[in-house]
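What follows is a set of notes on a single structure, which appears directly below.
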Amino acid sequence: MLMKILRHILTIVLFLWTILLFGQPIDSKKNCTSTFDSISKRTIYIVVDTMPEFPGGNDSLKKFIKNNLVWPKTEADFQGTVYISLIVEPDGSLTNKSVLRGLYEPANKEALILIDKMPKWKAGKCKGRTVPVRYYIPVNFILY
């Protein structure tokens, strides 16, 4: 009986020791990933603890794109997606806007005009500090 109790106590002690030795707080497992931007000569983050967010979230972003996207006035029929790369600055402004993967030159220009119309975003955070974050936005041109 005593051996059984000692065995249970030893198992519990070893289990707690393992948790103390190998366990880490959840926050310490999150690592921010950054890269050095040679053009602006500063660090730009790619992955952060709290990603930047359009005011109101993704649903509001989709609604904004739907309500503000202007179809280019061309005779060509096309559809597809323009991928825009930008940086969400610590103050929420959008900079370094460029077409990452284009579709059709008039559509690419309209997608950039749409991005210029956007309000300031909620900035991204790394370990509680607001940082510049590279962000990608797909702008869909779909014929209905």
Inset, instruction - Find the residue count for the range 41-76, including only residues that are in a loop (DSSP other than H, G, I, E, B), under 23 Å from residue 104 (Cβ atoms), out of contact with any strand residue (DSSP E or B) (no Cβ under 9 Å at 6 or more places or on another chain) and not basic (Lys, Arg). - result: 4
Inset, instruction - Look at the range 119-144 and say how many of its residues are more than 14 Å from residue 70 (Cβ to Cβ) and surrounded by 14 or more Cβ atoms within 10 Å (Cβ to Cβ). - result: 13
Legend entry - So residue 98, is it under 24 Å from residue 42 (Cα atoms), loosely packed, with under 15 Cβ neighbours inside 10 Å, without any contact (Cβ under 8 Å) to a residue 24 or more places away in the chain and under 17 Å from the mean Cα position of the chain (by Cα): yes
Inset, instruction - Under 6 Å between Cβ atoms, at least 6 apart or on separate chains: pull out the pairs that start in the range 26-38 with a residue that is in a strand (DSSP E or B) and loosely packed, with under 10 Cβ neighbours inside 10 Å and end on any residue that is at pLDDT 90 or above and hydroxyl-bearing (Ser, Thr, Tyr). - result: 36/43
Inset, instruction - Pull up the range 101-134, narrow it to residues that are small (Gly, Ala, Ser) and not in a strand (DSSP E or B), then point me to the one that is farthest from the chain's Cα centre (by Cα). - result: 107
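The values are calculated or read from the model by the stated rules, or taken from the named source; none is laboratory data. Computed from a prediction, not measured in an experiment: that's the story for all the values here. Cβ coordinates were reconstructed from backbone atoms using ideal geometry, including for glycine residues, and neighbour counts include every protein chain displayed.
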